[in-house]
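What follows is a single structure, written as structure tokens, with notes after it.
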Amino acid sequence: MNAEHPSPSPCCGPARDAAAAPGIGHAASSSRDLATTGGSDQAQHVTASSPRDLATAEGGHHTQHVTAPSPRGLATAEGGHHTQHVTAPSPGRRAIALLGEELTPQRVAVVRARAERAVLIDAGPFRMGTEDPDRNPYDGESPIRTVDVPAFRIDPTCVTTSEFAVFVAETDYVTEAEEFGWSYVFAALLTPELRRGSPKPPGTPWWRAVEGARWDQPEGPGSDVRERADHPVVHVSLRDAEAFAAWCGMRLPREAEWEKAARGGLDQARYAWGDELTPNGEHRCNIWQGVFPTRNTVEDGHLGTAPVRSYPPNGFGLYEVAGNVWEWCTDRWMTGAAPSLTGDVRVVRGGSYLCHDSYCNRYRVAARHASAVEDSSGNKGFRLAADT
Ligand SMILES: [Ca+2]
Ligand SMILES: [Ca+2]
Ligand SMILES: [Cu+2]
């Protein structure tokens, strides 16, 4: 059981201040002990995953990423005598335009009415947690306990970039990643320039702290969400997710709600759909195939995020509870051992496109992980819940 790789979070995502941040200010203000974030066993991964290896592994996928000035850079460049007349379109409106969509009152109403489309989960007990020998011993997955959960509603999918764009356009909300000025991106998704030029957090060298990475440019300056209207929004902190939730009269799920819903009515199955990872050879979630973190064979069809309805739903009609992106829950992370995060640390569930069975194995339905509330990355999003 993960004996070779007992480290808590090799592929799941680093803490915001684990890197020498590109925009020093916020990272420097943190009091966290960065050195303890990675396990000592990770040295071998460091060796195996130089930027050059990643660059070789990816080939020419990323030629479409053209380095362009950031929106802020454009605003500055347009200064001079037109300063007070030039108003750059807001990120929300710009994203909506890029997606070829329109910000109509009808569209806004539909996005805000997502509680009506949420799945009703009846009140009742379920068996939470697992004694699976493959569980992560530091993660607090065991023991199995019966939890009685009042009825609630939960999103069938994560909130998408298109929906988040509508929210931002309506509210001018500014995400925490925008305030910090950077967020974490998986190295293989970046242009060679950004991959080489962006700091790596210690212990997890497949991440980069990318200046300008945010929900509407998920791989930093030059990237956009054009082909990703129906992908989960990423680079969102807990506060960002809660702001969206408040706007549409919903809330984030509690962990027990998330797990009950994710199990889809199955009792103690290993995955959200049963006990086999690929029943009849079919992929049921977007995770990592190949050798993490240097070679992803992409047998499931996706290197980064996938559309929120890419694989069949579970027994309750929920999509992508396993893999694709981690999903925020409200519960505080109480497990003492690892990861060594401090401050306000919450539970995230489900795993992401980076999860691989030889490492974290966290796409099992009982798996759990932690994230400090201000952390954001390209593999974390959210789905919402509501009272009935
Ligand atoms: Ca994948
Ligand atoms: Ca997920
Ligand atoms: Cu993982």
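Using R₀ = 22 Å, calculate the FRET efficiency as 1/(1 + (r/R₀)^6) where r is the Cβ-Cβ separation of residue 342 and residue 179; round to 0.05. Using R0 = 22 Å, I get an efficiency of 0.60. Extending 7 Å from Cα along the Cβ direction at residue 226 and again at residue 299 yields two label points whose distance is 3.3 nm. If only the Cβ of Lys and Arg carry +1 and only the Cβ of Asp and Glu carry -1, the dipole of the stretch 224-351 around its Cα centre is close to 200 debye. The distance between label points at residue 291 and residue 122 comes to 5.0 nm (points 7 Å beyond Cα on the Cα→Cβ vector). Packing order of peptides 165-178, 225-238, highest average first: 225-238, 165-178 (average count of other Cβ atoms within 10 Å over each peptide's residues). Full extension of the chain between residue 148 and residue 276 yields a length gain of 43.4 nm, computed as 0.36 nm times the residue separation minus the alpha carbon distance. About the centre of its Cα atoms, the stretch 166-306 shows a dipole size close to 440 debye [charges on the beta carbon of Lys, Arg (+1) and Asp, Glu (-1) only; nearest 20 debye].
With unit charges on the beta carbons (Lys and Arg positive, Asp and Glu negative) and the dipole taken about the Cα centre of the stretch 244-308, which residue among 280, 245, 297 sits farthest to the positive side? Final value for the positive-end residue is 245. Residues 271, 184, arranged from fewest to most other Cβ atoms within 10 angstrom of their Cβ, appear as 271, 184. Computed from Cα atoms alone, the Kirkwood hydrodynamic radius reported for the stretch 233-360 is 15.9 Å. Neighbour counting of Cβ atoms within 10 Å sorts the residues 283, 369, fewest neighbours leading, into 283, 369.
Each of 200, 380 was scored by other Cβ atoms within 10 Å of its Cβ. Listed from fewest to most, they are 200, 380.
Stretched out straight at 0.36 nm per residue, the stretch from residue 247 to residue 309 would grow longer than its current Cα-Cα span by 20.0 nm.
A short reminder: the numbers here are calculations on the coordinates, not readings from a lab. In this text the structure is predicted, and so the values were computed from the model without any measurement. Neighbour counts are summed over all protein chains in view; Cβ atoms, including those assigned to glycine, are modelled from backbone coordinates with ideal geometry.
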